[in-house]
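All of the numbers you see were taken from the coordinates with simple rules; none came from a lab. This is a predicted model, so every value here is computed, not measured. Methodologically, a virtual Cβ is constructed for each residue, glycine included, from the backbone with ideal geometry; neighbour enumeration extends over all protein chains shown.
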Amino acid sequence: MKATTLRLEKAIEIALSGGVLVSGTLLLAGLASGNQALLRWGVVLLMLTPVARVLVLTVGLLHERDFVFGAISLWILAVLASGIWVSVRL
């Protein structure tokens, strides 16, 4: 494997692991304290973790000048963003 591919995979791993770790911490703190705001933010962060993964992948693909897959990844980001926008508006 290329070194750039390995770096991209590591960055994606960090984004996913970090999102799950912070989300889990917020959820546990919210459960322990009975704080609904912490629970809500924990769930929101958990839902945004895959978005962060696609964002990291998009930046990595465009940095590697893989414009076809970068464009596809941008399209996926747009679909995710439109879904989030619609859900916020409802």
Somewhere in segment 10-21, is a residue over 12 Å from the mean Cα position of the chain (by Cα) and either surrounded by 14 or more Cβ atoms within 10 Å (Cβ to Cβ) or assigned to a helix (DSSP H, G or I) (or both)? yes
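Name every residue in segment 38-65 that is within 24 Å of Ser17 (Cβ to Cβ) and either exposed (fewer than 11 other Cβ atoms within 10 Å of the Cβ) or over 16 Å from the mean Cα position of the chain (by Cα) (or both), in order of residue number.
First, the residues of segment 38-65 that are within 24 Å of Ser17 (Cβ to Cβ): 38-64.
Leu38, Leu39, Arg40, Leu62, His63, Glu64, listed by residue number.
So for segment 69-78 (the condition being assigned to a helix (DSSP H, G or I), of a type in the set (S, T, N, Q) and crowded, with 16+ Cβ neighbours inside 10 Å), does at least one residue qualify? Lay out the reasoning, then the answer.
Let us first name the residues in segment 69-78 that are assigned to a helix (DSSP H, G or I), namely 69-78.
This time we only want the ones that are of a type in the set (S, T, N, Q), so: 73.
If we keep only those that are crowded, with 16+ Cβ neighbours inside 10 Å as well, we get 73.
Yes, segment 69-78 contains a residue that is assigned to a helix (DSSP H, G or I), of a type in the set (S, T, N, Q) and crowded, with 16+ Cβ neighbours inside 10 Å.
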Within the set of pairs 6+ apart or on separate chains, which have a first residue in segment 55-75 that is free of Cβ contacts under 8 Å to residues at least 40 places away in the same chain, a second that is of a type in the set (Lys, Arg) and surrounded by 18 or more Cβ atoms within 10 Å (Cβ to Cβ), and C-beta atoms under 8 Å apart? none
